[in-house]
1. How many percent of the accessible area of the chain is carbon or sulfur, using a 1.4 Å probe?
2. Return the Cα extents of the stretch 209-261 along principal axes one, two and three, sorted largest first, each rounded to a whole Å.
3. Give the Debye-formula value of log10 I(q)/I(0) at each listed q (0.12 Å⁻¹), with one equal scatterer per alpha carbon of the chain, two decimals each.
4. Kindly sort 143, 277 by accessible area of their heavy atoms, largest first, with the probe set to 1.4 Å.
5. Amide H of residue 129 versus every other amide H placed in the peptide plane: which residues, excluding those fewer than 5 positions away on the same chain, fall under 5 Å?
6. Mean separation of Cα pairs under 8 Å and 6+ residues apart, divided by the residue count of the chain: what relative contact order is that in percent?
7. Accessible area per residue, 1.4 Å probe, Å², for the chain: what's the number?
8. Roughly what angle does helix 63-87 make with the longest principal axis of the chain, taking Cα atoms, 0 to 90 degrees, to the nearest 10?
Amino acid sequence: MPLIPSLNWLRVFEAAARTESFARAAEALHMSPPAVSQQIKALEGALGRPLFRRGPHHVQLTEAGQAFLPAVAEALHAVELSASSLFGPPGGASLSLNCSAIFATSWLAPRLGAFTAAHPDIRLALTTAIGPEESLRSSADLKITFGQPQSEAEDGDHLFGETLNPVAPPDLAAGIATAADLAAHPLIEIATHRANWTTLLPRDALDPRLIHTDSTQMAFALSAAGQGIALARSPASDGLQALYGLVPCLPGLSVAGVQSYSLVYPARSRLSPSARKFREWILEEVRRPDR
């Protein structure tokens, strides 16, 4: 058995300590004074120490109660704060969104403020996924997936595809004049993408010193640190490419990818009002010419 089998005991304890009265605590918690007294006794019995000194009209914390109160108050406050952040006030709208990591960090993050400003009543919980397996495990209201087949229970909207081109820090990129020059440097490969360096260069032209990683974010970080040449995946990776200061190695060398980003959700008739608003917003956003 846990030391404190009822978390409600802590709520009652905090209210009684704050009001210094079992009666006032009962009023604040919509309980009867005997019920408050009973729960305090149960908590004291579980802890093996008295927490209050009882008086005829008020109660005072014992030394043990004074030591215990800050931890209880902090824990209750953390739960309230988390609940408010995730779910908002009673009657407020909430929306959970699971995104491909590169889409969320590079493309969505700088644009999301426009949605939250237009819909301040919607509390958004955003999680990211690397690879289709993580996305499949998510139970979010909406998902933005990359190259993942939809299940029969899901509907979706195509957002955009990708264009691959090699990028590197400016000093490295300046020394590359032809596609053959790329193979003189370590190339950073992302094994989870179907379109990769073999899409851009002949297999026999690839240096065996390929550096393997699992995300575009990591590939860009390695390239920015001088470890090799990464593949940008425009437009999804444009924001991170600028953030890492990477530039095209050969501006004319690019190729279309074979996968695309999609907004995925349950059958459209089952979308919540907040999910419908997000769907409308992001479809308008991807149609913008400057996306």
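The values are calculated or read from the model by the stated rules, or taken from the named source; none is laboratory data. For clarity, every value in this text was computed on a predicted model and none was experimentally measured. Calculation scope for accessible area: heavy atoms of the full protein, side chains included, ligands and nucleic acids excluded. Shrake-Rupley method; radii C 1.70, N 1.55, O 1.52, S 1.80 Å.
1. Reported share for carbon and sulfur atoms: 56 percent.
2. 27, 22, 21
3. -0.83
4. 277, 143
5. 99, 100, 101
6. For the chain, the relative contact order is 19 percent.
7. 52 Å²
8. Taking Cα atoms only, the helix is inclined about 40 degrees.
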